[in-house]
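The values are calculated or read from the model by the stated rules, or taken from the named source; none is laboratory data. Note that this is a predicted model, so its numbers are computed, not measured. So basically every Cβ, Gly included, is an ideal-geometry build from the backbone, and we count neighbours across all protein chains shown. Remember, those area values only see protein heavy atoms, side chains included, never the ligands or the DNA or RNA. Shrake-Rupley method; radii C 1.70, N 1.55, O 1.52, S 1.80 Å.
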Number of protein chains: 2
Amino acid sequence: MNQNYIKPDNWSIIEEGFDECRVKSSESLFSIGNGAMGQRANFEETYSGASFQGSYIAGVYYPDKTRVGWWKNGYPEYFAKVLNAPNWIGINVLVNGVEFDLNTCTDILDYKRELNMKEGWLARNFTATLPNKITIKVATKRFLSLSHDELGAIEYQVTPLNSAAEIIYQPYLDSGITNEDSNWDDAFWNTQHVSKENNQAFIEAHTMKTNFHTCTFMQSECFVNSAKNEAFTEIHQTETKVSFSYSAEIKQNETFTIHKFGGYVVDRNHAKNELLSAAKEVLAIAKEKGFNVLLEDQKEAWATIWNMADITIEGDVKAQQGIRFNIFQLNQTYLGKDSTLNIGPKGFTGEKYGGSTYWDTEAYCIPFYMATKNQEVARNLLTYRYNQLDRAIENAKKLGFTNGAALYPMVTMNGEECHNEWEITFEEIHRNGAIAFAIYNYHRFTGDYSYIPEKGLEVLIGIARFWQQRATYSDAKKEYVILGVTGPNEYENNVNNNWYTNYTAQWCIKYALGNLEKVKSEFPSDYLRISQKTKISSEELEKWKAVADTMHFPYSEEHQVYLQQEGFLDKELVTVKKLATEHRPINQKWSWDRILRSPYIKQADVLQGFYFFEDEFTTKELKKHFDFYEPYTVHESSLSPCVHSIQAAKLDRMDQAYTFYLRTSRLDLDDYNHEVEEGLHITSMAGTWMSIVEGFGGMRVKNDVISFEPRIPSQWKSYSFKVNFRNQVIKVNVFQNEASFELIEGEELSILVNDKLVRVNSKKLVTV
Amino acid sequence: MNQNYIKPDNWSIIEEGFDECRVKSSESLFSIGNGAMGQRANFEETYSGASFQGSYIAGVYYPDKTRVGWWKNGYPEYFAKVLNAPNWIGINVLVNGVEFDLNTCTDILDYKRELNMKEGWLARNFTATLPNKITIKVATKRFLSLSHDELGAIEYQVTPLNSAAEIIYQPYLDSGITNEDSNWDDAFWNTQHVSKENNQAFIEAHTMKTNFHTCTFMQSECFVNSAKNEAFTEIHQTETKVSFSYSAEIKQNETFTIHKFGGYVVDRNHAKNELLSAAKEVLAIAKEKGFNVLLEDQKEAWATIWNMADITIEGDVKAQQGIRFNIFQLNQTYLGKDSTLNIGPKGFTGEKYGGSTYWDTEAYCIPFYMATKNQEVARNLLTYRYNQLDRAIENAKKLGFTNGAALYPMVTMNGEECHNEWEITFEEIHRNGAIAFAIYNYHRFTGDYSYIPEKGLEVLIGIARFWQQRATYSDAKKEYVILGVTGPNEYENNVNNNWYTNYTAQWCIKYALGNLEKVKSEFPSDYLRISQKTKISSEELEKWKAVADTMHFPYSEEHQVYLQQEGFLDKELVTVKKLATEHRPINQKWSWDRILRSPYIKQADVLQGFYFFEDEFTTKELKKHFDFYEPYTVHESSLSPCVHSIQAAKLDRMDQAYTFYLRTSRLDLDDYNHEVEEGLHITSMAGTWMSIVEGFGGMRVKNDVISFEPRIPSQWKSYSFKVNFRNQVIKVNVFQNEASFELIEGEELSILVNDKLVRVNSKKLVTV
């Protein structure tokens, strides 16, 4: 493990010293993004060592031809790949004719990289000696603008320290790039036109197959010390690359600076034939504002985000750094402006997994966005699924379902399934439940029912239809069973009667039925529209009811717990603690069959149901199930510790809750799984936020009232967070012996604290 | 379906008329082989239409890098591919300078292709008009010699019919070939040396990775009418090809003939540095004997095979043709001379599936070879597995098993697993049972116990150890369970307590225990050697016993049948008959999850157990289980109908038995599944033989006595077969109202006919 590599700091991610073995993992950790685009922290200058180049544009993807060993009917023909986009950050640096490359320097001193989360920029500062013995001081700063989200800016400074030197900057654009994660080494981009105009250059390129048209652009200006420098400009141009050359004779201890602006415009936001002019407009802004003004804008924009989303922790710098890193990355990935975008599992930090949307969004991310942003953001995430309902119906049809039954894809970019493992793609169907639950959760939290008659009910009908058809009446059991599924615990495949899936199916049908009733009586014109469109009939609803009313739930009388699935008790029930460490993690040490027949649980499964449907079970029942299942849980999914942390807190087991919290909050910073170089675990970061707010803070919504049961780990002095509850912002401060509640926005509000009603208003701090 | 394409004929496979759409499927159907090599029926002359080129050398394979979508621990790194070998059959034909190519001919008349199974040769006869308006008569004949199994011979004759013409033959060798079935388009061959000497040419090439060294060779001579012709010889040579050119001016109605001899020598049989001289020795035989003498040898060798293996059917030409096709192909594929070879699922007729050895060998092929050949052949097949025991132990170790537990691979070439679907590779473990059963079956049939102390017992110990470790004690059931398996019915994956698997596991352990006892008392020195080598202890045997004595078998009291697996009765039990035809075959129409949760059975599963362990169940029990399971069976495996045919016959349902028989015997000839172009279903052909001998003939061995219960389909006049039982050959003739038994080899023998003891001897025909 990597636990002391990143320097503890309240607001920044800091790396000190240059370690070539860490380049790829630091490229992930120091990634930057602005919701519309993002990039790994690749160096601007040439680097000949091992590196993973990645720059990504939100919503621009490539359908890579599926690669499987053994084809199964129903597999999608392609897998939507997150797409490495043309490089606009590159600046070759020549010092007396020698290319500056950290991999060939004879000496690198005082190397420091900083990702400043408070202000939203990435910097490097160091001194390096080139093979020609020239020592230079290098200072770089880069950010992707939140205010102008098609624009990024770089400041690159070189100061020769031991002699005068000719410094040449060669800023370039390059569309001759590849994806690390490609099935068949296809070319993903087709470059149409490379052009330049004064100090600007443009590459127009479109993606193969999906035909997204883009224009990548750049513009640079140079300074010697603070004076603008009209350096000689030479141009090199090939079919996929254009570079300028700015050279200057720099005296010892003088500084040569380049400001490079760049970014992308895409036909998702502009007309195809207006991309070049759109790019020029963006560059006009850059020219007008300049690097420093844009940087001030950036600080301000991040201050606004932090003002609402920040969580402070006193007395534990690493915990503070961890939670801020999670909140920062979530905001870099998705800002909720665009209902055609979603929260990719690796955001803009890597390519693994492909697709952009998993059930992670509904199960883990929506609560974070609901509480820290305007409710429109969560509504956009719901609308994303509403807009893809037709494709979910199409997807279900491919698997033999009829009559508008909808199965949302396991992994998608545009609504079509793109995953291809039968036990996941066809069987991990509980994802449909999370999508319905998110509608419930949105209504519960925001109080905004309008989404349901307008859009949500159609989704609920499609999902309920799926569950009704997917259940099988067992003559042997005289109940409905659901055969052949994979639950949230992906260490079981093709099991029968996964309790979580069956419970979710029942809940979805009941919830759909309830909303049909409510919309029918309260929104009759919506009801008319929807019932005509979906051709719902009372006969069909009877079938739904039959399934919901007589669903089978495997249960153990002996243990008084619901069984994760049929036959769970036939396993060899040895707890994880008794498993020798050489067997861990089992997903790296064991063959798949051994994992499947073991009792070991990858992530919350029955307990995921107890998390979602908490109100339907007593704390005593939770305790029984937690005590039964957690000891078999190996937490080998990044999504596992957060749910367990929340439940441990609820059971007042704060030591355990804190242990789980640490595991989720610094997963990437401390690289627990030795895989951070592939990218960050973006969606599980929202789980970390939940661990504090729902776990330690005990936040819930009960009958339209927001409720808290604050607890605090003994290791902390205090922590605080804010919640936007129905356009009123409450700030919660939790100390070891008390908690205070303050209304930051809004007039007055009744809240529940430890189940007692308390009134808070904008004038007074209520302490409990 | 294709049911009238192949002309009915007792001894030949005949195609009349040239159909370019049938070229690939006929290339499969007319394949020839001699156990050491084989080839698809590709044309000698250039053919520019769609074709699938294939020439294969037994035991020469390539480890193709595994291709999967999602890697699982324990997957093998490569898949052993059957390897298309250098082409030695090619003869370009030029007629007045125009290349003869059936795809460009303006007219093709009287086209007839014949695979003469009685004599073991392939011929084509037709008249074709070339684009230059020259009409030629073509007659070709080709065979792979059984007497000299490194040698093949071709006679190619052209007679210009409408004018004199210059005919040029260009016989060639070509190692610039590829595999149809390649994962990554690797080059599989490296050509080292191309050479020629007089009228002989040689290509020395070795396979990549596996480094099999081969020499492909040829030698030709030409005749005008019957006179040897010293035609001009021109030579073309490239890095991977060598061709000669024989030209002659041929008068109208005269015939120009080329005899081309060729084949392979391989370092599996010769020293690496002696391949060239070995090739010359083979060609010396060809020169000495010439085409016609070799052809006479061929007829004689096939006559010897047919004398023992033939099954005659009177009154049903298509059934006669079908069974002979099956027997012919089995003998072309494997002759039992070499214990390092096995019976590939497509033999030498295609590349699909890869590997050479599946459980098909033990479950379906061994009975055929035992009854129609010397017992050494079956013993060689058993020895093949004995020689791979170490690798089976290695394979089990990779999956977490210890102490010499052995899991034989699902698919293999050299003993290493090469398949990569977790639900098959890791879970279709019943294959281990078939390997143990084959030892029992061999001893039962041949009476040769010596194999067990010498070799078999070690295999049985490895297998018993595997089952003991693979079983799990269920505290809930107080019995041993076997979790997470795929049974013979591959339309169920990762099920618990598949009855067939559990029963087989129990049987294997008991059989191993029994043989340990017997070897201990009767072969003490073998016992000492084996017990020292395997370190077997009485404590370990107690563990085996515990598993065998308290194995769980799912059972339905209501239906009085063993359940195929836990939970089978929860399925929607709609019989196949009620399934609309648009859903069939389900493996092409349904997604995998739908197949898995359906009750439909791909091939005998519980009934496979009733087939193997027939003596342990009553006919009444068989009937109950047959009536319960067969109605859910879709027979979508080529291995399914034969077992059901045998059981239907036993239950005296001859109409049903005959229907199943037809389905198995003409599967390829009538191309039921529209896939014959990929190659033939070689191993299931042995099942066809079983359908007649064990099904209709009712052959069994009961306490060292061979037994028959003859039945005959109403569609037939009579049928006959021979069985080599312990070096005595019995000929069985079955008519509609009687059956006769004749001892062809041996002095006198007691047999059971319908459970009555009858003595047969060499002098008299016993009629019952």
Check: Out of the residues in segment B:107-121 that are part of a loop (DSSP other than H, G, I, E, B) and open to solvent by less than 20 Å² (accessible area, probe 1.4 Å), which is farthest from B:ASN34 (Cα to Cα)?
Finding: B:MET117
Item checked: Of all residues making up segment A:684-742, the number that are in a loop (DSSP other than H, G, I, E, B) and within 23 Å of A:HIS443 (Cβ to Cβ) -> 8
Checklist line | Meets criteria (at pLDDT below 95 and of a type in the set (S, T, N, Q)) for B:THR357 | finding: yes
Margin query: Checking B:LYS397 against (1) at pLDDT 95 or above; (2) basic (Lys, Arg); (3) buried (at least 21 other Cβ atoms within 10 Å of the Cβ), only one condition comes out false. Which one?
Written below: (3)
Checklist line | Selection from segment A:483-500 of residues that are open to solvent by less than 10 Å² (accessible area, probe 1.4 Å), more than 9 Å from every other protein chain (Cβ to nearest Cβ) and in contact with a Lys or Arg (Cβ under 9 Å, 6 or more places away or on another chain) | finding: A:PRO488, A:ASN489, A:TYR491
Checklist line | Extreme residue, farthest from B:ARG40 (Cα to Cα), among residues of segment B:74-84 that are away from chain A (no Cβ under 11 Å) and assigned to a strand (DSSP E or B) | finding: B:TYR78
Item checked: Candidate set: segment A:464-482, residues that are open to solvent by less than 10 Å² (accessible area, probe 1.4 Å) and within 11 Å of chain B (Cβ to nearest Cβ); chosen: the one farthest from A:LEU596 (Cα to Cα) -> A:SER474
Check: Of the numbered conditions (1) outside any loop (DSSP other than H, G, I, E, B); (2) in contact (Cβ under 8 Å) with a residue 12 or more places away in the chain; (3) open to solvent by 20 Å² or more (accessible area, probe 1.4 Å), B:PRO453 satisfies every one except a single condition; which is it?
Finding: (3)
Next item on the list: Quick one: A:ASP186 ticks every box in (1) assigned to a loop (DSSP other than H, G, I, E, B); (2) within 26 Å of A:GLU150 (Cα to Cα) except a single one, so which number is it?
Entry: (2)
Notebook entry, point to check: Quick one: in segment B:74-83, which of the residues that are open to solvent by less than 10 Å² (accessible area, probe 1.4 Å) and touching a Phe, Trp or Tyr at 6+ places or on another chain (Cβ under 9 Å) is modelled with the highest pLDDT?
Noted result: B:LEU83
Item checked: Failed criterion for B:SER220 (all others in (1) part of a strand (DSSP E or B); (2) within 29 Å of the chain's Cα centre (by Cα); (3) crowded, with 21+ Cβ neighbours inside 10 Å hold) -> (2)
Next item on the list: Quick one: in segment B:527-575, of everything that is in a loop (DSSP other than H, G, I, E, B) and among the polar types (S, T, N, Q), which residue is nearest to the other protein chains (Cβ to nearest Cβ)?
Entry: B:GLN565
Next item on the list: Take the residues in segment A:411-430 that are surrounded by 21 or more Cβ atoms within 10 Å (Cβ to Cβ) and either away from chain B (no Cβ under 14 Å) or in contact with a helix residue (DSSP H, G or I) (Cβ under 6 Å, 6 or more places away or on another chain) (or both), then tell me which one is nearest to A:VAL485 (Cα to Cα).
Entry: A:GLU427
Item checked: Out of B:LEU330, B:LEU381, sole residue that is farther than 21 Å from B:SER665 by Cβ and of a type outside the set (Lys, Arg) -> B:LEU381
Checklist line | Yes/no for A:TRP507 being open to solvent by less than 10 Å² (accessible area, probe 1.4 Å), in contact (Cβ under 8 Å) with a residue 12 or more places away in the chain and under 37 Å from the mean Cα position of the chain (by Cα) | finding: no
Checklist line | Residue that is surrounded by the most Cβ atoms within 10 Å (Cβ to Cβ), among those in segment A:675-706 that are touching a residue at least 60 places away in the same chain (Cβ under 8 Å) and polar (S, T, N, Q) | finding: A:THR688
Item checked: Matching residues in segment A:734-768 - criterion: being of a type in the set (S, T, N, Q) and without any contact (Cβ under 8 Å) to a residue 24 or more places away in the chain -> A:ASN737, A:ASN761, A:SER762
Check: Can you name the residue in segment A:400-409 that is open to solvent by less than 10 Å² (accessible area, probe 1.4 Å) and not small (Gly, Ala, Ser) and is also nearest to the other protein chains (Cβ to nearest Cβ) among such residues?
Finding: A:LEU407
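Residue-by-condition table, conditions (1) surrounded by fewer than 19 Cβ atoms within 10 Å (Cβ to Cβ); (2) not aromatic (Phe, Trp, Tyr):
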residue	(1), (2)
A:PHE708	no, no
A:VAL723	no, yes
A:VAL729	no, yes
A:VAL734	no, yes
A:LYS756	yes, yes
Item checked: Pairs, first on the phi < 0 side of the Ramachandran plot and in contact (Cβ under 8 Å) with a residue 40 or more places away in the chain in segment B:96-117, second part of a strand (DSSP E or B) and open to solvent by 60 Å² or more (accessible area, probe 1.4 Å), C-beta under 7 Å, six or more apart -> B:TYR111/B:GLU16; B:LYS112/B:GLU16; B:LYS112/B:ASN125
Note to self: For segment A:600-612, check the following and say yes or no: at least one residue is in contact (Cβ under 8 Å) with a residue 40 or more places away in the chain, more than 9 Å from chain B (Cβ to nearest Cβ) and more than 30 Å from B:TYR473 (Cβ to Cβ).
What the structure shows: yes
Check: Of these, B:ILE586, B:ILE601, B:ILE530, which one is under 23 Å from B:PRO453 (Cα atoms) and touching a Leu at 6+ places or on another chain (Cβ under 9 Å)?
Finding: B:ILE530
Check: Which of (1) more than 22 Å from B:TYR611 (Cα to Cα); (2) under 18 Å from the mean Cα position of the chain (by Cα) does B:LYS731 not meet, given it meets every other one?
Finding: (2)
Item checked: Close pairs from segment A:328-356: first more than 20 Å from A:TYR386 (Cβ to Cβ) and open to solvent by 10 Å² or more (accessible area, probe 1.4 Å), partner modelled with pLDDT of 90 or more and among the acidic types (Asp, Glu), Cβ under 6 Å, at least 6 apart -> A:LYS352/A:GLU678
Item checked: Hits in segment A:559-593 - residues which are of a type in the set (Lys, Arg) and open to solvent by 60 Å² or more (accessible area, probe 1.4 Å) -> A:LYS577, A:LYS578, A:ARG584, A:LYS589
Notebook entry, point to check: Can you pull out the residues in segment B:90-106 that are in a loop (DSSP other than H, G, I, E, B), among the hydrophobic types (A, V, I, L, M, F, W, C) and open to solvent by less than 10 Å² (accessible area, probe 1.4 Å)?
Noted result: B:PHE100, B:LEU102
